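Just below is one structure, and these are the notes that go with it.
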Amino acid sequence: MTYAPQANMTLDVTDWLSVTEASKVSGYHPNHLRHLIHEGELIAVRKGLMWLIEPESLNNYVARMKRLGTSKHDPTHMRRK
């Protein structure tokens, strides 16, 4: 899920990860992380030219992929949103 704060809402992103940082932490390629952002799989906000990813969102995604194991490649497996 990508989103931008309302005009009157402030969002504390000091602990959020850049795509590069998230790539180092997760082992996923930066382009794959950007794809996940656009698909709504990760919670992220855009600051200028840079995406910032919510760490909990990244951790949840990585854990879900580990749980799925090889079944994540099964085309009959329903995609979870």
*How many of the residues in region 29-61 are among the hydrophobic types (A, V, I, L, M, F, W, C), surrounded by 14 or more Cβ atoms within 10 Å (Cβ to Cβ) and farther than 15 Å from ASP12 by Cα?*
5
*What number of residues within region 14-68 satisfy the criterion of being part of a strand (DSSP E or B) and of a type outside the set (Gly, Ala, Ser)?*
8
_Close pairs from region 31-56: first without any contact (Cβ under 8 Å) to a residue 12 or more places away in the chain, partner small (Gly, Ala, Ser), Cβ under 9 Å, at least 6 apart_ = HIS32/SER23
_Failed criterion for LEU49 (all others in (1) modelled with pLDDT of 95 or more; (2) out of contact with any Lys or Arg (no Cβ under 8 Å at 6 or more places or on another chain) hold)_ = (1)
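The values are calculated or read from the model by the stated rules, or taken from the named source; none is laboratory data. Because the structure is a prediction, the values reported are computed rather than measured. Here the Cβ is made from the backbone with ideal geometry for all residues, glycine too, and neighbour counts use every protein chain on show.
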